[in-house]
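Below is one structure, written out as structure tokens; the observations come after it.
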Amino acid sequence: MENFNQTSTDFILLGLFPSSRIGLFLFTLIVLIFLMALFGNLSMILLIFLDTHLHTPMYFLLSQLSLMDLTYISTIVPKMAYNFLCGKKSISFIGCGIQSFFFLTIAGTEGLLLASMAYDRYVAICFPLHYPIKITRQVCVLMIIGSWIMGSINSCAHTAYALQIPYCKSRAINHFFCDVPAMLTLACMDTWIYEYTVFVSTTVFLLLPFIGIALSYGRVLHAVYRMNSADGKKKAYSTCSTHLTVVTFYYAPFVYTYLRPRSLRSPTEDKVLAVFYTILTPMFNPIIYSLRNKEVMGALRRVIHRTCSVKM
């Protein structure tokens, strides 16, 4: 068995792929997913920027979601791919801290942003006459900045704690990125206080926003049910189902992972669940929002038409 105990401060990421043909297949699949997520989110950001019909609060928030997903998957996959291709598993102490900081920042920020998007749809459907007053560009900017600031503060606290505690066991992290709970299993001190803060953070940044989203969409679906216009109902249901699909993909594995006691968690299960919110969700989000949204598809056609006209 390979010995991962080191005298240096580097950590070892045991990774996601086994050393076999199956591992090579999974690696190829993850790289393809990464490229799809990269192309999809960059295209969504560019499309919203180029088409004036999408210069609305809803799509302004959606462009931020694409930016976060782009940062999310870029924080995890390139390092994992580099280690696999080079046959290495090490990550420096500082590199691990940086990766953990960006992961936690995006995780918390995206949870709050999804709640902001739910509030935007709640006001648009339940109070359409008040929407231009309540949801302005300034309000969107404040919601986005607030989400980034709160996510960054939470991330700083968790990362600083993880970097200052003593690690006296093997430095082999049984994960494919520097996930703080996985790192703390290597600590040579009792970390029960930190586990409590993880529970609190998960509640504040994931569970409470999810409850808020559920309540908002409960009101939205009730309002949609009472609509007289069949077209209005169809459009509202399409928008709501799209957002709820994204929310479910993101929140369900995250909450299930971090709200469970350590005694009920296993490294293999944690890694499988982490694939959903770190790799699959950033790929699915632009696909879901584009294929199920006529406005986005219409904007895509307009941009392609303009591009072809300029070339001709």
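The values are calculated or read from the model by the stated rules, or taken from the named source; none is laboratory data. Predicted model, so just to flag it, every value in this text is computed and none were measured. Glycine also receives a Cβ, built like all others from the backbone with ideal geometry; neighbour counts cover every protein chain displayed. The area values use the complete protein model at the heavy-atom level, side chains included, leaving out ligands, DNA and RNA. Shrake-Rupley method; radii C 1.70, N 1.55, O 1.52, S 1.80 Å.
Do we find that residue 255 is β-branched (Val, Ile, Thr), within 24 Å of residue 179 (Cβ to Cβ) and buried (at least 19 other Cβ atoms within 10 Å of the Cβ) in this structure? No. Sub-8 Å Cβ pairs linking a first residue in the range 62-83 that is free of Cβ contacts under 8 Å to residues at least 60 places away in the same chain to a second residue that is not in a helix (DSSP H, G or I), at least 6 apart or interchain, are 82/88, ordered by first then second residue. Of all residues in the range 123-147, those being without any contact (Cβ under 8 Å) to a residue 40 or more places away in the chain, closer than 20 Å to residue 66 by Cβ, open to solvent by less than 70 Å² (accessible area, probe 1.4 Å) and not small (Gly, Ala, Ser) number 1.
Applying the set (1) hydroxyl-bearing (Ser, Thr, Tyr); (2) touching a helix residue (DSSP H, G or I) at 6+ places or on another chain (Cβ under 8 Å); (3) over 21 Å from residue 127 (Cα atoms); (4) free of Cβ contacts under 8 Å to residues at least 60 places away in the same chain to residue 237 leaves exactly one unmet item: (3). Scanning the range 285-305 for residues being among the aliphatic types (A, V, I, L, M), in contact with a Ser or Thr (Cβ under 8 Å, 6 or more places away or on another chain) and open to solvent by 30 Å² or more (accessible area, probe 1.4 Å) gives a total of 2.
Residue count for the range 263-288, restricted to those that are touching a residue at least 40 places away in the same chain (Cβ under 8 Å) and among the polar types (S, T, N, Q): 3. For residue 82, state whether it is surrounded by fewer than 18 Cβ atoms within 10 Å (Cβ to Cβ), part of a helix (DSSP H, G or I) and among the aromatic types (Phe, Trp, Tyr). Against the criterion (surrounded by fewer than 18 Cβ atoms within 10 Å (Cβ to Cβ), part of a helix (DSSP H, G or I) and among the aromatic types (Phe, Trp, Tyr)), residue 82 qualifies.
Only one entry in 248, 185 is open to solvent by 60 Å² or more (accessible area, probe 1.4 Å), more than 23 Å from the chain's Cα centre (by Cα), among the hydroxyl-bearing types (Ser, Thr, Tyr) and at pLDDT 80 or above, namely 185.
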